[in-house]
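In what follows, a single structure is set out as structure tokens and then discussed.
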Amino acid sequence: TACTLWPSIRALWVSWVDSLSLAPPRPLLSAAVRAAAVQSAIHVFTDASLSGYGAMFFAQDDTDVVAGAWNETVRAHINVLEIRAVRLALQVWRRRDVSIVLHVDNTTAMHAINKGSSSAYAINAEVGRLLFVCETKNIRVMSVEYVNTLLNPADYWSRLVKNSFAAPLSGNYRQ
């Protein structure tokens with residue numbers, strides 16, 4: 001298909017196309033390397049309910065649970081609470097310097113975290129706090145994926161708790 005270019009931008013277009021053909025290929029992660037990185041990452045499932053939050057961390061060597069109840073005075077939209085659940089879980093989690101794959105059951109939270117921002121002020125503020133926690137603890141989020149609520153293991157913990165706690169799955173739980 002033919003395209004007519006304005007004479008004033010034709011020279012820029014031609015130089016751009018030429019630079020693409022002459023440039024060496026950019027070093028990108030191969031699909032196999034990326035798949036291996038995601039496979040070795042820790043999978044984190046988080047959930048928020050109106051009563052609290054929960055998270056399960058699945059690593060190759062162990063499984064951790066973090067859960068907590070919301071302060072009774074907190075009244076935020078569920079989209080904000082979903083992102084807050086991710087932030088609080090990562091904040092109290094004992095690990096640092098890790099790569100994670102994050103699984104959330106809220107598409108608004110998923111898109112805002114993937115994008116790193118939102119047009120909604122409260123969501124944007126919570127994403128900023130989450131990014132600060134990740135930067136402070138050197139947690140690399142490899143991807144943020146949607147998980148159906150019925151398949152989310154953190155859903156149970158977000159509705160169960162009356163007090164906050166963090167424990168390895170093999171340990172005893174106290175509320």
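I need the peptides 137-146, 81-90, 104-113, 61-70 ranked by packing, meaning the mean over residues of other C-beta atoms within 10 angstrom, with the highest value on top. It would help to have the intermediate numbers written out before the result.
Numbers: 137-146: 15.6, 81-90: 25.7, 104-113: 21.2, 61-70: 18.8.
Final packing ranking: 81-90, 104-113, 61-70, 137-146.
Residue separation times 0.36 nm, minus the C-alpha to C-alpha distance between Glu135 and Val98: what's the value?
12.2 nm
Using 0.36 nm times the number of residues separating Asp61 and Ala120, minus their current alpha carbon distance, what extension gain do you get? Let's see the in-between values first.
Working: separation 59, 0.36 × 59 = 21.24 nm, distance 3.83 nm.
Taking Asp61 through Ala120 to full extension adds about 17.4 nm, to one decimal.
Under the rule a/c < 1.5 gives rounded, and otherwise a/b versus b/c splits prolate from oblate, where does the stretch 69-137 land using the Cα gyration tensor?
Working: a/c = 1.70, a/b = 1.24, b/c = 1.37.
In terms of gyration-tensor shape, oblate.
Grab the beta carbon distance between Ser143 and Arg75, set R0 = 35 Å, and tell me the FRET efficiency rounded to 0.05. Working shown, then result.
On the way: r = 31 Å, r/R0 = 0.89.
The formula returns an efficiency of 0.65 here.
Any read-out appearing in this document is the output of simple, stated calculations on the displayed coordinates, not a laboratory observation. Everything numeric in this text was worked out from a predicted model, so none of it was measured. Quick reminder, even Gly has a Cβ in these numbers, built from the backbone with ideal geometry, and neighbours come from all protein chains shown.
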